[in-house]
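The values are calculated or read from the model by the stated rules, or taken from the named source; none is laboratory data. Computed from a predicted model, the values in this text were never measured in an experiment. Note that each Cβ is placed from the backbone with ideal geometry, even for glycine, and that neighbours are counted across all protein chains shown.
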């Protein structure tokens, strides 16, 4: 037995000895991966290349026979890799593979062929995506006893559609991550949750680069003639959006935008402008990066959008480029950037904060400003200050301006900042030269300009607008009305030989009065046609001229018999003429050059027509208003600033006023004041997308009147505007009063006085007043005030004019009558009597409880902006105002049930509150389909209702109103927003004391009435037992302005009247008191 055991042991040893004869060795695989980068500058591709390392990218060593990954590692900063391979027995066929994926080097970056965005859910789907890779040649029968060096492997792109672009995209993203990780900034690379995925492929039809959900689609050559795979600045711009989303803050609404647009949504102009600024900072960071002894980066302040490159060594392939240091296009022309509503101007402002004379740009050794701050300052503003602002604050470049002083201290380098914002970039966060001009006693003066129509005149093209809102404006310079029914405006672009159907507008039944203008706009609801504006419709083929600056074009007006009436042509920005011949019967000579900025081309205020180009000059669009030659330029600087302007009026004359706030994103309200300073009327309405306010005024006396202009709106606090005044022709159109205001006293629920006031637009025999469509009074045509009495309710007041038996249209205003309490509620079971809307809001049987709820789209899906109908980031707003005012005690809340099925991150249900009777609105909350998993299927189901309770602590003591606004863009449309069981302060019957302090349990303060007070107000309070009572009135700073010791009062209700006086009996200032 022992012998057998020895034999077995010997056998085992022999076997082990046999295995050890072919050991597994460890060996190193080395090499370098490079890609051939296309060099470009302000003029496009230069026709040269530079070989750059593929840095910080995953490398895999692969068995070419089994496709098994034997080992993996990453390239270093020079594209080199050294990877140890173990476990290989015998000869093996090997190759090295480099991927556009960086996790092995600590970079959470992937460049893939494609991905999907889960709209409404808020994340990317990348499971089917393929990461790009390049491979070395295969080493056949490699002996694992030896190390292997693959040498340098260079990926090229000879035809401009190759996969080398994916590695250029990856390389730019590595630079951005390295910039983020600087010790003065994040001091680490983005982690796994802060990943970014970029998609590009040679065959993908992705057209137009864009960002969403930490995913970036890069424009790819599969769609025909474009690729952004070599456009470093486009790539870095889109990664800039990622940076703002993950590390900083932006309220960028998305949407279309174009170079030189100075009338953008200010949140869009900031969101796009700051993304380009990030691009510049990253290029500035890498300006000293070298490879093989040469700098890889030049002209860091140039932004270029490149097409598919031409074959080497040819140059070209430029789509467009500009330099945000000099503000010049590749042609040498100015970009046309001005103000806070222009994205390229935002970039230039921010760039001026950080660049220096030694910056590698187009102006070496020179800088037009004296500021060059370090990255910690901009990092603190972008990643600390801006994200700390409340959600209701719409982020614009104004907030960056405020952030500068928040981070550095009030007044820090004020002159340098003003030089950058105001002097260099015309963003006027300064007081104007007219200050102080905030009252009638220190008002500036403005002389209305006259424009007269007369014999011998006719219909002329008075303005063509090449900006955001493409339009043609006609002016009747004659002294007779002209019937334009059946007339046509035909537009020619570039070398059209025949008018294209979508560029022909045919007038409906319409008469243009003498001395009046009418603007035909490419978009808009034809139901809103009026005496001065005509809308082509909501489809792209309605009258979509698709004008941008730089094209050549022409416009001809033909009468109903097809006879040409007027003709205008213009050359593009380079002076290339239009080939469209002047129609027989008209004349036009000279060279009219289209402006290189989005202005219009217009005649003078009189419509002078000599059939030459000299009749026209560059104007900021004054659509549907006379082309007035000038006015006063003001700024509204400092929150709450108002400007007052005096003008001398002549009895019986009609005046027109316009406050035009292009370029500065300001929302203006115009108010007419009487010679004594009383408010006569106001208006802030403007055409969609145009930042202006207009008001007509018929002067009843010869005297000095005043125009007061104030800022309103939630997106901006400051801004600048031009104000114009002109004498209006006495038109044959019977115009209604130009504005009406209704103000209830809110002192009882049965016969509440409602004060009505209006501004007459002409000389009338009578005016008629209506409440909810029923006439309540007919007054003399010279009267401008009336007091109605009404029970509690929401009313539509209207006024019309009567002259020689003819009645005009009506001007209207809503007002709530009745007392104002601390609570309000609506379950929609009895209708929607306290709501007014601007769209299709209505009742729906799809309710959380009861029989009805309230929705923006009772007939189906909500409606966004028409596709292609509006440039500049269109947002369609469906608004429903809940017109019951409420005064808010401590602990106030707004509660409601809702379902919000809107496109995630693009369309929103927004709740807003107003403290000035609807003059301006502040955001309380916004929702979309990504806010609740139950909404993710994008269909409203009975189980999807969600209860909300919004605190109102910021508005204690205020009288407020609420509105619900659905905001939608041009893309996807879904079920919409459903609201039910709305209640403000459930269970509230009285106002509690504003703070804890001496008092007795169960004492109640009822709402003062009237509130707001006029000459006096009465405070009612209830005592459960006898006690000593002192009533104190505090101002908003907490100072006691009035105190009354009432002594011992018994249990029950008591009244105390305050006449608005202070301790000394003097009247207190208007404002809020507690």
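Assorted remarks:
- Residue in the range 875-888 that is modelled with pLDDT of 85 or more and part of a loop (DSSP other than H, G, I, E, B) present: yes
- Restricting the range 83-125 to residues that are under 17 Å from residue 137 (Cα atoms) and loosely packed, with under 15 Cβ neighbours inside 10 Å, the residue that is modelled with the lowest pLDDT: 91
- Of the candidates 1019, 1023, 991, 1049, the single residue that is surrounded by 13 or more Cβ atoms within 10 Å (Cβ to Cβ) and at pLDDT below 70 is 991.
- Selection of strands (runs of 3 or more DSSP E) fully inside the range 692-739 by the criterion of at least 2 residues being touching a residue at least 12 places away in the same chain (Cβ under 8 Å) and under 22 Å from residue 422 (Cβ atoms) returns 703-711, 719-728.
- Of the residues in the range 603-613, not one is under 19 Å from residue 567 (Cβ atoms), touching a helix residue (DSSP H, G or I) at 6+ places or on another chain (Cβ under 9 Å), in the same structural domain as residue 556 (by TED's automatic domain parsing) and modelled with pLDDT under 80.
- Qualifying positions in the range 743-784 - within 39 Å of the chain's Cα centre (by Cα) and assigned to a loop (DSSP other than H, G, I, E, B): 745, 746, 760, 761, 762, 772, 773, 784
- Among the criteria (1) farther than 30 Å from residue 633 by Cα; (2) modelled with pLDDT under 90; (3) out of contact with any helix residue (DSSP H, G or I) (no Cβ under 9 Å at 6 or more places or on another chain), the one residue 360 does not fulfil is (3).
- Qualifying residue in the range 935-945 (condition: in a strand (DSSP E or B) and surrounded by 15 or more Cβ atoms within 10 Å (Cβ to Cβ)): no
- Criterion (farther than 14 Å from residue 54 by Cα, in a loop (DSSP other than H, G, I, E, B) and touching a residue at least 60 places away in the same chain (Cβ under 8 Å)) met by exactly one of 159, 149: 159
- The residue that is farthest from the chain's Cα centre (by Cα), counting only those in the range 815-840 that are without any contact (Cβ under 8 Å) to a residue 60 or more places away in the chain and closer than 15 Å to residue 883 by Cα, is 831.
- Unique match (being without any contact (Cβ under 8 Å) to a residue 60 or more places away in the chain and either within 23 Å of residue 42 (Cα to Cα) or within 26 Å of the chain's Cα centre (by Cα) (or both)) among 235, 239, 216: 216
- Which numbered condition residue 1037 misses (of (1) farther than 30 Å from residue 882 by Cβ; (2) within 43 Å of the chain's Cα centre (by Cα); (3) at pLDDT 70 or above): (3)
- Residue within the range 57-74 that is outside any strand (DSSP E or B) and surrounded by 14 or more Cβ atoms within 10 Å (Cβ to Cβ) present: yes
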